[in-house]
Every structure is written in C-alpha cells, then in structure tokens.
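Here the structure comes first, spelled out in structure tokens, and everything after it is commentary.
The values are calculated or read from the model by the stated rules, or taken from the named source; none is laboratory data. Since the structure is predicted, the reported quantities are computational estimates derived from the model, not experimental observations. Don't worry about glycine lacking a Cβ; one is built from the backbone with ideal geometry, like all the others, and counts go over all protein chains shown. Just so you know, the surface numbers come from the protein's heavy atoms only, side chains and all, with ligands and any DNA or RNA stripped out. Shrake-Rupley method; radii C 1.70, N 1.55, O 1.52, S 1.80 Å.
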Amino acid sequence: MGGCCSHDVSVRGKVESEMDEREYEYDHENDVSFNHGGALVRLRGSSKFVSMYTQQGQKGVNQDAMAVWEDYAGEKDVIFCGVFDGHGPLGHKVSQFIRDNLPSKLSAAIEISQQKAIKFYDANDADTSSFDDGYDNSNQMSLASWEGCFLKSFSEMDEYLAREINTDSYCSGCTAVTLIKQGDQLIVGNLGDSRAVLCTKDKDQLIAVQLTVDLKPEIPSETSRIVNCEGRVFAAEEEPDVYRIWMPDDDCPGLAMSRAFGDFCLKDYGLISVPDVFYRKITPQDQFVVLATDGIWDVLTNHEVISIVASAPRRSVAAKLLVKRAVRAWRYKYPGSKVDDCAAICFFLDEQPVLSHSQSHMSGKNRSCSKQLHRSKTTGNEDTETVDGKVGLELDEEWKALGGFSRANSLSKLPRLARGMSKRQSSKYYSPR
C-alpha cells in the first residue's frame, strides 16, 4: 500500500470532523470475558490496562479475532494479548480456532520450559551460571527460552489446525500478532502482516516504535525461501504494488503474506508458520502498545495510530475510537473499495495519562531498544526497514472478499482442491486419526 503522508492533515481533519459523540460511549454489555484455569480471558471489552474493539468490513463475515489473558500461565500480573486476522472462505473459523487454542499451547510451552530450567538448576546443585541459561537474575525467563516457547507453540498450533479443521480450509488461514508482558519484559511473536507498535515518550513528544516487521513476500529473505521451495512471487498487473505467493503451475491462490497459520496449499511452496520473535525491556517512558490487523495499518500511519489512541477521552474507548477512525479513513481514501475488517487491542503499560502530541520515529536509536530474537533458519530474515503508512459464516453462505473492488485482498484466487492438494498435505495433514 502507498503511504499517506501527503494526506495527513486532510485525512485527519476529515475524520475528526465526522466524529459523533456516541463514538466515545463505551458499551459494557458488549464485554465478553470468562475464567480459564485461573486466568481471566477477555474476548471483547476493556479492563484497567486494556481496550479492545473490532468492526466488520464489507467483505462478508468479520474474520478478525482477538483475546487478552490476565494472570496468564498461572502467574499473577503476566498478560497475554493476541490479534488474529483470518483470510479465505473459512478465515473466520481459522482465526477463532487460533484465538481459542494458541494461548493455551503457548502457556503449556512456557510451563514446560520453566520445569526444565528448574530441574536443570537442581541437578547442577544451584550452579547459577547454568541456571542463567534459562532465567535471568530477576528470576524471569531468558530471551532464548521465550523464543523457544513461541517457536514450539506456533508449530504445534499449525499442526493441530490441520488435524481439526476440515480440508475445505486448505486455502484459508490467518495471521497472528501476540504479546506477553512479564514484569518489565515485552515479548512479541509475529506471524504475517498484522503489526505491533509501541508508543513511548521523549520529553513532550510521543514517538511510535514499530515492534514487528510486516512479513510479506517481497522481503528479499522471504522471497528467497519461497522461490527455493518452487513457489512464485510476483505482483499482478492490476495490483502492481501488491506482491503475492503463487503455486508453481497455477496463478493461485496469490497470498499477500509470507507467513501464516493454515493455507496448507502453500506450505510445500515456501509459506511457513514460524514466527518472528522480538523483545523489549519496558522503560518508564513507554506508554502503550497497539496490536492491530492490517485493516488499521493500510489506512493509518504508526504516527496517526498512536495520536488517536493518546487522544481518547478514556482508555476504555481507545480501541473503538481507533477502529472508527480507520473505517472513516478507508471511506475517505478509497471510496470505491470495500472496507476491510478492523481489530485493535490497546495495551497500556502504566496508570498515567499520555500526552496528546506525537511523532513517528524509527531511528536507529529507538530500533535498538527492540531486539529481534528470531531469524528463521530458512530465510535468515534480514533487518528490514519498515515504513509508516503502508497502506459467523457457514460454508453455504456468501464470502464476498473476491467480488467487486477491494484494496489488496489477502487471497487473489482460490485453487481447486483436487489440483492444489499436495502429497505432503494429504498424507501429513489429513491422514485418518
């Protein structure tokens, strides 16, 4: 998508002038939360530190899903946040399936890692040098341990998805941007083109720090992996700025991201479910993190997003305000396009109100605060400069995303099941249990 820097003032003015007072209201009846194994799980609504909101676009059913777990992994004050963006005919089912199962799998991986570290510690008679391999001096998990937990749980989740979802979903999938806060640590696991952006403060200015890389096929390391697996990467003539993954001998499905859960028709051809894992040590200047699907980032810059969230009259309505502004930006910038689904979680890191002034900042100084832990062994994912401003359905119901004009659908064309199913998928993913 193209940037919108030249339209910042007009777009922001247009959006703000159209705001209705009712947009600032919070509907408590819309909250959805429940207890699970000692954790409070929230699917919609807000809490002291979290604001969540999603709105269906014009492509059919809302395929975005999200979840927040408080007292996560059996530990008080540990929080998990996740936003999941589905695509394809069964994308809504895939995103909900990931939302409902990934947090538990990640929690189980964390528990196993903790148990192994403790046993190793005991076996070495409290040898602190060995213990530090699993924990740091504050008794928090090491970065390598966090990375291992994310890699293990994401891999298991993709295999579980293949077993549990029927074969009609082999060209459906979803992205995931997830975050865990433990003490002063932020650990982010990202798969696909959703995004996490941190708002931090420098004197009287708010600064946007992008914590993740949009994993798209045009990134050189991603392209290399896909091509080495006999997949193809190119942009169609009608969408010269949108690069997609295509099967070797057929111009389908045209997936506009390089990593995702599901989409098993492309798993032999370079698409992977290996997340990038990032780490940041929280500073007193850090204000909040926004996790959101590409429906937000396609029309608003990182700078605009943190400005909108910071300007919310109450934290409980911050995510709703952001989504409403994004929807209006879609209609203003692309009046002939179908508005995408939008979902956002605003996770506040302290109890103090943030300033209303902000600026976008992706300098080396701030990027150095966010240490990328994971580089895929397959791709060697390069340090990629990211640019601000890239712009319940059953099987017999209509899925509208491929009809009419839309801005960069995740899928371009659905392959036929008989031709698209590889031997590996039919034997590994769909063998009888």
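Some notes on this structure:
- The set of residues from segment 226-274 being part of a strand (DSSP E or B) and of a type in the set (Phe, Trp, Tyr) comprises Phe234, Tyr243, Trp246, Phe261.
- Of all the residues in segment 197-225, those that are outside any loop (DSSP other than H, G, I, E, B) and charged (D, E, K, R) number 4.
- There is at least one residue in segment 50-70 that is out of contact with any helix residue (DSSP H, G or I) (no Cβ under 9 Å at 6 or more places or on another chain), in a loop (DSSP other than H, G, I, E, B) and crowded, with 21+ Cβ neighbours inside 10 Å.
- Residue that is modelled with the lowest pLDDT [pool: residues in segment 159-194 that are polar (S, T, N, Q) and under 17 Å from Cys265 (Cβ atoms)]: Thr167
- Failed item in (1) modelled with pLDDT under 95; (2) among the charged types (D, E, K, R); (3) more than 19 Å from Gly86 (Cα to Cα), with Asp298 passing the rest: (3)
- Every pair of residues 6+ apart whose Cβ atoms lie under 7 Å, when the first sits in segment 299-315 and is part of a loop (DSSP other than H, G, I, E, B) while the second is among the aliphatic types (A, V, I, L, M): Val299/Ala326; Val299/Ala329; Val299/Val391; Leu300/Ala326; Leu300/Ala329; Ala312/Ala318; Ala312/Leu321
- Residue in segment 239-248 that is acidic (Asp, Glu) and touching a Ser or Thr at 6+ places or on another chain (Cβ under 9 Å) present: yes
- Near pairs, Cβ below 8 angstrom, 6+ apart or cross-chain, from segment 107-123 (open to solvent by 50 Å² or more (accessible area, probe 1.4 Å)) to any residue that is at pLDDT 70 or above and not hydrophobic (A, V, I, L, M, F, W, C): Glu111/Gly74
- Within segment 239-286, restricting attention to residues that are closer than 25 Å to Ser153 by Cα and over 21 Å from the mean Cα position of the chain (by Cα), the residue that is least open to solvent (accessible area, probe 1.4 Å) is Cys265.
- Within segment 230-247, being more than 23 Å from Gly295 (Cα to Cα), in contact with a strand residue (DSSP E or B) (Cβ under 8 Å, 6 or more places away or on another chain) and at pLDDT 95 or above holds for Gly231, Arg232.
- Filter pass, Thr223 being out of contact with any Leu (no Cβ under 9 Å at 6 or more places or on another chain), modelled with pLDDT of 95 or more, within 21 Å of Phe348 (Cα to Cα) and not acidic (Asp, Glu): no
- Val290 being part of a strand (DSSP E or B) and more than 22 Å from Lys201 (Cβ to Cβ): no
- Conditions (1) over 20 Å from the mean Cα position of the chain (by Cα); (2) open to solvent by less than 10 Å² (accessible area, probe 1.4 Å); number of the one not met by Val289: (1)
- Within segment 231-258, being farther than 20 Å from Gly91 by Cβ and of a type in the set (Lys, Arg) holds for one residue alone: Arg232.
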